[in-house]
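S.K.: Next up is a structure, given as structure tokens.
Coordinate-derived values only; no laboratory data. Everything quoted here is computed from the prediction, not taken from an experiment. No Cβ is skipped: glycine too gets one built from the backbone with ideal geometry, and neighbour counts run over all protein chains shown.
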Amino acid sequence: MEHPENSEEYKGLTVNSGVVHPDSVNPYFKKRPIRRPQLSVSDYVDGIVKGNVTILSQAVTLVESLRPEHQAIAQEVIEKCLPYCGNSVRIGISGVPGAGKSTSIDEFGLHVLKDGGKLAVLAIDPSSEKTKGSILGDKTRMEKLSVHPNAFIRPSPSAGSLGGVARKTRETIVLCEAAGFDKIFVETVGVGQSETAVHSMVDFFLLIQLAGTGDELQGIKRGIMEMADGIAINKADGDNIPKAEMAAQSFRNALHLFPAPESGWTPKVVTYSGFYGLKIKDVWDMVWEYVDFVKKNGYFQYRRNEQAKYWMYESINESLKNSFYQDPVIAAGLEEAEKMVLGGQQTSFVAAHRLLDMYFNRK
């Protein structure tokens, strides 16, 4: 094809023709799409138990998939992996956006891997409510862990449904434990109900706070404080050390106002710097002290049993909800009910009860 730039009106400008692409050496060669071989349930289970990270990643993708056929395979894989799970310490890590969770996890991970073992980091990433998209950029902030041979980092989009993602994260924990990961970090999005969801699937809940950002009492919220098994004040370095120590004392005073936790453990407050890697050992001395304490008094297993029951009921609730909205008769009735509510012909509560009666009377 002749370039228009070579015409007379464009003097002084010449565009050379491109190189002609040579024919294939093999005239009979045809490009075929690369298809990944479909693994069976036993292939997944064998690969996971042997610690194959590629197969583990594929199994997690099945768990996160919304397709019914994928869900069926995933549930069978999870069930067969159950005998190999339960041999880890699960740590939930939360804090406001910007508290330095991902940077801290990078340092925490290197610290716990010094003594051997394997670490899985499951990060719940917030999704856009409009596009449902998610950046999934946690690996970029965990530069050291992302290249560590004994670390596995898996970000998951919240996709607007925290309950669903929390359930899938719990199922992913089972797969990671079966793959031999004896330490599991679950990082929350740091907003809303994510802390409650993560608290219901971990053994220790670490709350990361900041100092010197304004009113320290803003960080002292009853709900999140009651869930925390330990509080760590980040960015305790340089000129910020006195402020961090002052904030730590404020949190210690606040913790005395709350009723004693069911575990019998008194939550502790420490300071550290994730960016400079300072006093990381203090944080983990607190974590391991807690784990030893609750294992001795029996609360460790009691908490896991309560969590298992909680997720059974959560799964029932989610299945009922999905069944309701996917029912074609209900889908048609919802549109009519909306019109009647908006037209003032019936209240929202009456419309809801009629739809529920319609659903259960047909079952």
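S.K.: Beta carbons within 10 angstrom, averaged per residue: use that to sort the peptides 45-55, 332-342, 97-107, highest first.
M.R.: 97-107, 45-55, 332-342
S.K.: Averaging over all projection directions, find the projected area of the Cα convex hull of segment 296-363 and quote it in nm² with one decimal place.
M.R.: 6.3
S.K.: In angstroms, what radius of gyration and Dmax does segment 209-363 have, counting Cα atoms only?
M.R.: Looking at segment 209-363, its Cα Rg and Dmax stand at 24.5, 68 Å.
S.K.: Which peptide among 305-314, 285-294 comes first, and what is the full order, when sorted by highest mean count of other Cβ atoms within 10 Å?
M.R.: Averaged packing, sorted descending, gives the order 285-294, 305-314.
S.K.: How would you rank LEU113, LEU56, going from fewest to most other Cβ atoms within 10 Å of each one's own Cβ?
M.R.: LEU113, LEU56
S.K.: Could I ask something else about it? Radius of gyration and Dmax for segment 258-318's Cα atoms, expressed in Å?
M.R.: 15.8, 45
S.K.: At 0.36 nm per residue, and after removing the present C-alpha to C-alpha distance, how many nm does the segment from ASP282 to THR61 gain when stretched out fully?
M.R.: 76.0 nm
S.K.: If you find the alpha carbon centre of segment 85-110 and of segment 36-59, how far apart are they in angstrom?
M.R.: Computed from Cα coordinates, the inter-centre distance equals 26 Å.
S.K.: Mind ordering 201-208, 250-257 by average Cβ neighbours within 10 Å, highest first?
M.R.: Top of the packing list down: 201-208, 250-257.
S.K.: Could I ask something else about it? Filter the cross-link list LYS114/LYS279; LYS80/LYS309; LYS144/LYS281; LYS268/LYS295; LYS101/LYS296; LYS183/LYS295 down to pairs whose alpha-carbon distance in this structure exceeds 24 Å.
M.R.: The answer is LYS101/LYS296.
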